[in-house]
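Quick notes on the structure that follows.
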Amino acid sequence: MSKKIITIIAVLVIIGLAFVIFSSKEETLKVVNSFDECVSLGFPVLESYPEQCIANGETFVRDIGNELEKTDLVVLNTPRAGDKVSFPIELSGRARGPWFFEASFPAEILDGDGTSLGMGIMTAQGEWMTTEFVPFSGRVELTAMPKFPKGTLLLHKDNPSGEPQFDDKLIVPIFFGQ
């Protein structure tokens, strides 16, 4: 009787080990090339900013554009990097006074291939002749429909001089949809 129990336990252990080995090999066979693929395949996402997903020993980071580099100049409250947007897009945030010229600056939507889909003007909601942050809001209307699921929202620093050394922009990756 005890030989029979030991045999059953041994068979169950072998089956369990085979299941663990087979399922872990199946996960490593999943090809992952981006953060979005990593998430869609169910790999773990770290609670960080930007978010990170780990698959097959490789770390993929959510694309948030240049948000962290521009935080001291311009901050977009809505939409956020990676949001799904529908049109027209209502924007709001805050920017330092020098980002504006005559209390405004342009925003632009690009399709996944870089084609411009529309522009809008963001307007200061307070005194813009300052070096402090000033709230802004505005809307971007489409002049063409997106051909790709992913695009880019650009907030351009207004540069009436046209001199390239005064150009700057906030780059925000977005998704198109409802």
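The values are calculated or read from the model by the stated rules, or taken from the named source; none is laboratory data. If you're wondering where the values come from, they're calculated on a predicted model, not measured in any experiment. All Cβ positions, glycine included, derive from the backbone under ideal geometry; neighbour counts span all protein chains shown. Accessible surface is based on the protein model in full, side chains and every heavy atom, while ligands, DNA and RNA are left aside. Shrake-Rupley method; radii C 1.70, N 1.55, O 1.52, S 1.80 Å.
Output the residues belonging to region 90-101 that are of a type in the set (Lys, Arg) and open to solvent by less than 60 Å² (accessible area, probe 1.4 Å). Let's see the steps before the verdict.
Within region 90-101, the first condition is being of a type in the set (Lys, Arg), and the residues that meet it are 94, 96.
Hit for region 90-101 is 96, nothing else.
When the residues of region 102-123 are filtered to those that are closer than 15 Å to residue 143 by Cα and acidic (Asp, Glu), which remaining residue is least open to solvent (accessible area, probe 1.4 Å)?
Per the criteria, the residue is 111.
Evaluate region 64-79: report whether one residue or more is touching a residue at least 24 places away in the same chain (Cβ under 8 Å), farther than 29 Å from residue 118 by Cα and of a type in the set (D, E, K, R).
Taking region 64-79 as the starting set, the residues that turn out to be touching a residue at least 24 places away in the same chain (Cβ under 8 Å) are 64-67, 70, 72-76, 79.
Subset that is farther than 29 Å from residue 118 by Cα: none.
No, the conditions are met nowhere in region 64-79.
So which residues in region 124-175 are open to solvent by 80 Å² or more (accessible area, probe 1.4 Å) and under 19 Å from residue 102 (Cβ atoms)? Give the derivation first.
Of the residues in region 124-175, the ones open to solvent by 80 Å² or more (accessible area, probe 1.4 Å) are 125, 127, 129, 131-132, 139, 141, 143, 145, 147-149, 160, 163-167, 169.
Listed by number, the residues that qualify are 125, 127, 129, 131, 132, 139, 160, 163, 166, 167, 169.
Could you go through region 52-73 and let me know if any residue there is open to solvent by 90 Å² or more (accessible area, probe 1.4 Å), modelled with pLDDT of 95 or more, in contact with a strand residue (DSSP E or B) (Cβ under 8 Å, 6 or more places away or on another chain) and outside any strand (DSSP E or B).
The answer is yes, given that some residue of region 52-73 is open to solvent by 90 Å² or more (accessible area, probe 1.4 Å), modelled with pLDDT of 95 or more, in contact with a strand residue (DSSP E or B) (Cβ under 8 Å, 6 or more places away or on another chain) and outside any strand (DSSP E or B).
Return the residues of region 48-66 that are within 13 Å of the chain's Cα centre (by Cα) and of a type in the set (Val, Ile, Thr); say none if nothing qualifies.
61, 64
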